[in-house]
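Visitor: My questions all concern the structure below.
Each value in this text was obtained by applying a stated rule to the coordinates, not by laboratory testing. Keep in mind the model is a prediction, meaning the values are calculated, not measured. Here the Cβ is made from the backbone with ideal geometry for all residues, glycine too, and neighbour counts use every protein chain on show.
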Amino acid sequence: MFFELTDATIEPQRYRPKLTDSGAGGYVSFEGWVRDRNEGQIVTALEYEAYPELAQHEAQRILSEAYAQFPIRAIACVHRTGYLQIGELAVWIGVSATHRQSAFQACEYTIDQLKVRLPIWKKEYYQNGHSHWVHCSHCAAKAASSSQ
Amino acid sequence: MTESRPLTIKYFAQLREVRGLSSEDRQSTAATPADLYAELQNQYGFSLPQERLRVAINDRFAEWSDGLQAHDTVAFIPPVGGG
């Protein structure tokens, strides 16, 4: 299990070797990208701020849960911090497994949990000059219930 | 008389912007994170209600009713937006 926060461009090929395992029949990855619009507004850039000590701890918990729930061989995740441009990679998750189904399931579980539980905040900057801290309104309650 | 404790408070995202600081040391008589947030809200005008936040003590998620100890580091976690 591997988790890292980085303020540099994420290069998935650097992390892919962490998943290699002679017993693995394949690997699934997810890349989250910065897109150019959100809820009708044109986004020009965004900023991720993290609480590193707590994010590292909570990410290890999420990856452990994925590992415990699905028969996978290895799992790794990297999340960006700092200012990102449109199209940049914000998060990368890779999972290797003996069979593909559990790799897909573990990858989806990890991104879903990470979005509601990791102490990382996103500020979007819009073309009209405004900026806004973005979150989903039900995340706090969902996060509180899922980490009990 | 209620005992006053030295605490460190970490601020993130919109709370950091409103406070204008990433962290500060503070003496407080607050017994729990809930008391402490009410005290800070009163002083700095944080508009996020406690129900929208989570709390961490010493870099681990904690409960609002947990007891605060001298030299604890407390962080209030606004709604997250990673991924």
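Visitor: Please list, ordered by first then second residue, the pairs with beta carbon atoms under 8 Å, 6 or more apart or interchain, first in the stretch A:102-118 and under 11 Å from A:Y27 (Cβ atoms), second polar (S, T, N, Q).
Guide: Qualifying pairs under 8 Å: A:A103/A:S96; A:A106/A:Q69; A:C107/A:S29.
Visitor: Same structure, new question: If you scan the stretch A:70-123, which residues turn out to be surrounded by fewer than 20 Cβ atoms within 10 Å (Cβ to Cβ), under 11 Å from the mean Cα position of the chain (by Cα) and in a loop (DSSP other than H, G, I, E, B)?
Guide: If the condition is that a residue be surrounded by fewer than 20 Cβ atoms within 10 Å (Cβ to Cβ), under 11 Å from the mean Cα position of the chain (by Cα) and in a loop (DSSP other than H, G, I, E, B), then no residue fits.
Visitor: Can you find, within the stretch B:1-28, the residue that is surrounded by the most Cβ atoms within 10 Å (Cβ to Cβ) among those that are farther than 14 Å from B:V74 by Cα and of a type in the set (V, I, T)?
Guide: Of everything passing the filter in the stretch B:1-28, B:V18 is surrounded by the most Cβ atoms within 10 Å (Cβ to Cβ).
Visitor: If I filter the stretch A:40-69 down to residues being closer than 18 Å to A:Y109 by Cβ and buried (at least 22 other Cβ atoms within 10 Å of the Cβ), which single residue comes out as nearest to the chain's Cα centre (by Cα)?
Guide: By that ranking, first place goes to A:A59.
Visitor: Say whether the condition of being within 10 Å of chain B (Cβ to nearest Cβ) and over 26 Å from B:F61 (Cα atoms) is met by at least one residue in the stretch A:21-28. It would help to see each step written out before you state the result.
Guide: Filtering the stretch A:21-28 down to residues within 10 Å of chain B (Cβ to nearest Cβ) leaves none.
Within the stretch A:21-28, none of the residues are within 10 Å of chain B (Cβ to nearest Cβ) and over 26 Å from B:F61 (Cα atoms).
Visitor: For the stretch B:22-63, give me the residue count where each residue is part of a loop (DSSP other than H, G, I, E, B) and closer than 15 Å to A:A50 by Cα. Please lay out each step first, then the result.
Guide: As a first pass, look at the stretch B:22-63 and keep what is part of a loop (DSSP other than H, G, I, E, B): B:22, B:29-32, B:45-49, B:53, B:58-59, B:63.
If we keep only those that are closer than 15 Å to A:A50 by Cα too, we end up with B:22, B:59.
The qualifying residues number 2.
Visitor: Report, by residue number, each residue of the stretch B:65-83 that is over 21 Å from A:T81 (Cβ atoms) and either facing chain A (nearest Cβ under 10 Å) or of a type in the set (D, E) (or both). Working first, answer last.
Guide: Filtering the stretch B:65-83 down to residues over 21 Å from A:T81 (Cβ atoms) leaves B:65-72, B:74.
Correct list: B:D66, B:D72.
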